[in-house]
Amino acid sequence: FVEKILRVQPNVKKLYLLVRATDAKSALQRFNTEAVAKELFKILKEKHGTNLQSFLSEKVTPVAGDITNENLGVTDSNLVEEMWRNVDVVVNVAATTNFDERYDVALALNTFGAKNVLNFAAKCVKIKLLLHVSTAVKLRLYLLSAYVSGEKPGLILETPYKLGEALNGAKGLDINVEKKIIEEKLKELSSDETATAKSITLSMKDLGIQRANKFGWPNTYVFTKALGEMIIGHLKGDIPLVILRPTIITSTYKEPFPGWIEGIRTIDSLAIGYGKGRLSCFLGDPESVIDAIPADMVVNAMITTIAAHASQPCEIIYHVGSSVSNPLKYKGIQKSGYHYFSKHPWINKDGKAVIVSEVKVLNSMESFRRYFSLRYLLPLQALHFVNSALCHAFNGTYMDLKRKINFVLRVVELYKPYLFSKSFYDDMNTEKLRQVVRENGVEANMFYFDPKLIDWDYYFVKIHIPGAVKHVFK
């Protein structure tokens, strides 16, 4: 997002970029090492050459802070006052990093963090828009918050959630009650002398899943993100508000160059396992639609919504995805992976090419359980018997295998709603926005975000998988 603005809108006055850091020096260092130093900024580097740093220092002010705190954790009172005077658009892209986060951490960041951002925006005297993106720039798991709808099948509309509205109709959903439940649970755990840091973390993760399931959401991440949307919608007052819900974010389609990606996302973890010969099966319905969208299209949608809605009283939601406009089937990803790695095999550390074959597809949870029991659970039981008979001689091996098996089962439970998803994400609002862009020829080429442009097989074989191999395969 920052790179695109600096590249195509160099006359932007200033970007205040909130960075989780202890002070201004470390915030600047994180910005330079974790953003500017990346290949993503190569076009800007080529354009500005030795003047890049002076250009960046003029346009970007990295701000040390933390959205879980009041005033976004910014301790420099002069800087806070400066931001309140000058900022006219606030963009929130913060989120936790995984579905299985501790409940206290997820609620603090995804829900009350969103509230803190809203409160900060309300103090900006020139505020024209709050853009709340229900995702984060650096998530490793990119099944994103269009999925705040949970496991609900059918067409999911671009409509807001009302405060206290549960997906399953359950009564009693109250954000402050959830906070109190967390506080009481932490107090209970801290008084237990046998509790370890690991057991406390697991207990808080389990609590999040329990509370999410109680109100109809499949996991802590989407539950707390939905609560965040509720609270800012309820408290926004006169602030123009746009909520952008991207789906699975994949590598760039065109800009600043095709195939850029950072970190291992959901689709990429499958590609890595398959390409390296470590994946013997896929779990999921081959006919299920996987809703994906390239990163540059999400960024273009963000910028377009700012231009379209700044200073206009509004509360509108945009689904930025492809399941309605250009559906991508799970079997299409499998086919593309086989196509690519058959022609471009991964060379392992021994210098040998990894030969891939079409993997077994487990198209139901029942078939997964049968396969997993025969291949892993029965051998684990046999190892347990042998380990016991030989005075625990294989105790380390047994515990390691048991830990891995439990991890896989937990992950499968987390992802089950999406592997067999029957949901489609309505994008009527987004289509109207795309139509406005199409009517301006110059801007249509610069701020494209129409998924109908994508040939999925070409994209995965020629752009996404090569990008993943280059940027994230190790």
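Count Lys and Arg as plus one, Asp and Glu as minus one, and take only other residues whose Cβ is under 12 Å from that of residue 457; the net charge is then +3.
In this structure, the amide hydrogen of residue 253, modeled 1.01 Å from its nitrogen in the peptide plane, lies closer than 5 angstrom to those of 259, 295, 296, 297, counting only residues at least 5 positions away or on a different chain. Under 5 Å from the amide H of residue 129 lie the amide H atoms of 90, 311, each residue being 5 or more positions distant or on a separate chain, with H modelled from the backbone and absent for Pro and chain starts. The residue list 94, 73, 40 was ranked by how far each Cα lies along the charge dipole of the stretch 25-112 toward its positive end, using unit charges on Cβ atoms, and 40 comes out on top.
When you restrict to C-alpha pairs under 8 Å that are six or more residues apart and normalise by the size of the chain, the relative contact order lands at 18 percent. For the residue pairs 162/404; 331/416; 126/452; 352/470, the C-alpha atoms sit more than 28 angstrom apart in 162/404; 126/452. Rounded to the nearest 20, the Cβ-based charge dipole of the chain about its Cα centre (Lys and Arg +1, Asp and Glu -1) stands at 1140 debye. A Förster distance of 45 Å, applied to the separation of the beta-carbon atoms of residue 470 and residue 194, puts the FRET efficiency at 0.40.
Applied to the stretch 315-327, the Karplus parametrisation 6.51 cos²θ - 1.76 cosθ + 1.60 on θ = phi - 60° returns per-residue 3J(HN,Hα) values of 9, 9, 10, 10, 8, 10, x, 9, 5, 9, 6, 7, x Hz, with x for Gly and Pro. The simple spin-label model puts a point 7 Å past each Cα toward its Cβ; for residue 364 and residue 58 those points are separated by 6.5 nm.
Given a 1.4 Å probe and the protein chains as shown, residue 253 ends up with an accessible area of around 40 Å². By accessible area, using a 1.4 Å probe on protein heavy atoms only, the chain has 56% of its surface on carbon and sulfur.
Were the residues from residue 70 through residue 214 laid out at 0.36 nm apart, the gain over their Cα-Cα distance would be 48.9 nm. Once the Cβ-Cβ distance of residue 30 and residue 159 is raised to the sixth power relative to R0 = 35 Å, the FRET efficiency obtained is 0.45.
Shape class for the stretch 198-263: oblate, because the ratio a/c of the largest to smallest gyration tensor axis (alpha-carbon atoms, square roots of eigenvalues) is 1.5 or more and b/c is at least a/b. Here the Karplus relation 6.51 cos²θ - 1.76 cosθ + 1.60, evaluated at θ = phi - 60°, turns the backbone of the stretch 225-241 into coupling constants of 5, 5, 4, x, 4, 4, 5, 6, x, 6, 9, 5, x, 8, 6, x, 10 Hz, with x for every Gly and Pro.
When only the Cβ of Lys, Arg, Asp and Glu is charged (+1, +1, -1, -1), the dipole of the stretch 199-249 relative to its Cα centre reaches about 100 debye.
At a probe radius of 1.4 angstrom, the accessible area of the chain per residue rounds to 48 square angstrom. A simple count of charges around residue 387, restricted to other residues whose Cβ falls under 14 Å of its Cβ and scoring Lys, Arg +1 and Asp, Glu -1, yields 0. Annotation: amide H-H contacts under 5 Å for residue 63 (H modelled 1.01 Å from N, sequence separation of 5 or more, or interchain): 17, 18, 19. For the stretch 385-474, the set of GluC sites (Glu not before Pro) satisfying both a DSSP loop assignment and a count of at most 15 other C-beta atoms within 10 Å is given as 439. In this label model, residue 458 and residue 206 are separated by 5.2 nm, measuring between points 7 Å along each Cα→Cβ vector. In this structure, residue 393 and residue 22 have a Cβ-Cβ separation that, at R0 = 51 Å, corresponds to a calculated FRET efficiency of about 0.55.
Under the simplified labelling scheme, the residue 350-residue 166 pair shows an inter-label distance of 5.5 nm, with each label point 7 Å from Cα along Cα→Cβ. In sequence order, the stretch 376-391 has phi-based couplings of 10, 5, 5, x, 5, 5, 5, 5, 4, 5, 5, 4, 5, 5, 9, 6 Hz under the Karplus curve 6.51 cos²θ - 1.76 cosθ + 1.60, θ = phi - 60°, and Gly or Pro positions carry x.
Between the listed residues 273, 258, 244, the Cα displaced farthest toward the positive end of the dipole of the stretch 244-297, a dipole computed from Cβ unit charges relative to the Cα centre, is found at 273.
Normalised by the number of residues in the stretch 1-99, the mean separation of alpha-carbon contacts (under 8 Å, six or more apart) gives a relative contact order of 32 percent.
Along the positive direction of the dipole of the stretch 304-388 (beta-carbon charges: Lys, Arg +1; Asp, Glu -1; about the Cα centre), which of 310, 324, 354 reaches farthest? Looking along the dipole axis, the top candidate is 354.
The values are calculated or read from the model by the stated rules, or taken from the named source; none is laboratory data. Here the structure is a predicted model, which is why all the values come from computation and not from measurement. Glycine gets a Cβ as well: all are built from the backbone with ideal geometry, and neighbour counts include every protein chain shown. Areas reflect the complete protein model, heavy atoms only, side chains present, ligands, DNA and RNA absent. Shrake-Rupley method; radii C 1.70, N 1.55, O 1.52, S 1.80 Å.
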